[in-house]
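Remarks on the structure that follows.
The values are calculated or read from the model by the stated rules, or taken from the named source; none is laboratory data. Here the structure is a predicted model, which is why all the values come from computation and not from measurement. Virtual Cβ from ideal backbone geometry, glycine too; neighbours counted across all protein chains shown. These accessible areas exclude ligands, DNA and RNA; they are computed on the full protein's heavy atoms, side chains included. Shrake-Rupley method; radii C 1.70, N 1.55, O 1.52, S 1.80 Å.
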Amino acid sequence: MDILERMDEDHAAVLDAIPPDLLDLSDIPQAREAVSGLIAAMTAEVPPVEGVSSQDHHAAGPAGAPDVMVRVYRPDGAGADLPGFLWIHGGGMVVGDVTMDDITCAMYAQQLNCVVGSAEYRLAPEHPFPAPLEDCYAALKWFATECPGVDRSRIIVGGASAGGGLAAGLALLARDRGEVDVGFQLLIYPMIDDRNVTPSSHAITHPKVWNREANLAGWNAYLAGEAGGEQVSPYAAPARAENLEGLPPTYIAVGDLDLFLDEDITYAQKLLQAGVPTELHVYSGAFHGSDLFVPMSDLSQRWTADRNRALTAALHG
């Protein structure tokens with residue numbers, strides 16, 4: 001698919017400026033440096049979010065594993081018992097850290113009047129499944145029981161891309177372990193199906209967006225080379241889950257130029273069939289991550305407004 005034919009000028013111009021080798025995962029350490037450098041350049045001139053403070057905490061890690069850092073963002077002057085939003089960053093399971101979403105998380109705290117926690121999970125391939133998900137669960141458990149000022153009855157989870165996939169797996173894990181009550185899940189173009197068999201997973205091959213080659217590399221790193229195999233856990237690839245009953249209300253957003261399009265639509269359908277209140281938004285002309293790369297476009301502004309409306313209702317409704 002020639003995705004450039006379906007983009008507006010603002011989106012195409014930004015895509016043109018992205019380095020052509022940014023998503024080359026043949027050298028993951030180099031890819032980590034490249035992504036960090038791009039994000040630093042993108043945020044260098046963005047002013048700090050006013051009225052929000054952040055502090056790093058450490059949750060007890062999974063058995064035998066290191067503690068998990070959780071960066072907590074809180075509106076200045078806020079009282080106790082604000083709703084809590086645990087956020088999980090993206091990066092294809094292999095790149096990224098909490099720093100990349102500092103502005104995003106601070107804006108959530110400011111605009112939604114909530115406490116935001118951002119989980120610093122270990123990355124593949126050094127730490128394949130279940131390590132990243134168990135780190136997120138440790139962060140969730142700490143956030144819901146020990147984070148100061150959080151209303152334990154109003155906890156939601158969310159993430160984008162790989163973070164959206166981890167959030168979906170986390171919601172399944174929390175449901176089944178029964179220790180934390182998750183009230184809502186925000187899944188932004190979530191990475192949830194390791195099988196890569198849908199039409200959209202074949203169609204998106206442009207080198208400057210998250211494409212089939214990068215997705216296969218990310219999944220095989222996360223699943224230690226077993227992506228597409230018969231024994232993959234639904235906690236790792238939530239699209240494989242057969243029982244979605246009892247999951248929290250869900251919001252899914254994805255662009256129609258995103259290779260995750262088909263798997264995300266299918267997951268929304270399965271949630272609805274399981275009786276889970278689910279809202280699905282498909283944005284015409286949006287590529288993977290374009291809401292972040294082109295935040296001031298009319299399309300991205302509509303994306304943000306729709307998302308924040310749903311989050312406000314989930315946190316304060």
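Among the residues of the range 17-54, write down those that are at pLDDT below 95, open to solvent by less than 80 Å² (accessible area, probe 1.4 Å) and of a type in the set (S, T, Y). Those that are at pLDDT below 95, open to solvent by less than 80 Å² (accessible area, probe 1.4 Å) and of a type in the set (S, T, Y): S36, T43. Within the range 24-50, the residues that satisfy the criterion of being in a loop (DSSP other than H, G, I, E, B) and over 21 Å from P295 (Cα atoms) are D24, L25, S26, D27. Would you confirm, using the coordinates I've provided, whether M1 is in a helix (DSSP H, G or I), closer than 29 Å to Y251 by Cβ and not acidic (D, E)? No, not satisfied. Does at least one position in the range 286-295 carry a residue that is polar (S, T, N, Q), within 18 Å of the chain's Cα centre (by Cα) and at pLDDT 95 or above? No. Does the range 175-194 contain any residue that is over 28 Å from P83 (Cα atoms) and among the basic types (K, R)? Among the residues of the range 175-194, not one is over 28 Å from P83 (Cα atoms) and among the basic types (K, R), which makes the answer no. Kindly establish whether R177 is in contact with a Leu (Cβ under 7 Å, 6 or more places away or on another chain), at pLDDT 95 or above and among the basic types (K, R). For R177, the condition - in contact with a Leu (Cβ under 7 Å, 6 or more places away or on another chain), at pLDDT 95 or above and among the basic types (K, R) - is not met.
The residues in the range 101-113 that are surrounded by fewer than 23 Cβ atoms within 10 Å (Cβ to Cβ) and either more than 14 Å from P48 (Cβ to Cβ) or of a type in the set (D, E) (or both) can be counted, and the count is 4. Listed by first and then second residue, the pairs linking a residue in the range 74-90 that is at positive phi to a residue that is surrounded by 24 or more Cβ atoms within 10 Å (Cβ to Cβ) and assigned to a strand (DSSP E or B), with Cβ atoms under 9 Å apart and 6 or more places separating them unless they lie on different chains, are D81/V150.
Within the range 178-196, take every residue that is free of Cβ contacts under 8 Å to residues at least 40 places away in the same chain and closer than 15 Å to K141 by Cα and give me the one that is nearest to the chain's Cα centre (by Cα). Restricting to residues being free of Cβ contacts under 8 Å to residues at least 40 places away in the same chain and closer than 15 Å to K141 by Cα, the top hit is D181.
For the range 150-164, the criterion of being over 12 Å from the mean Cα position of the chain (by Cα) and part of a loop (DSSP other than H, G, I, E, B) is met by none of the residues.
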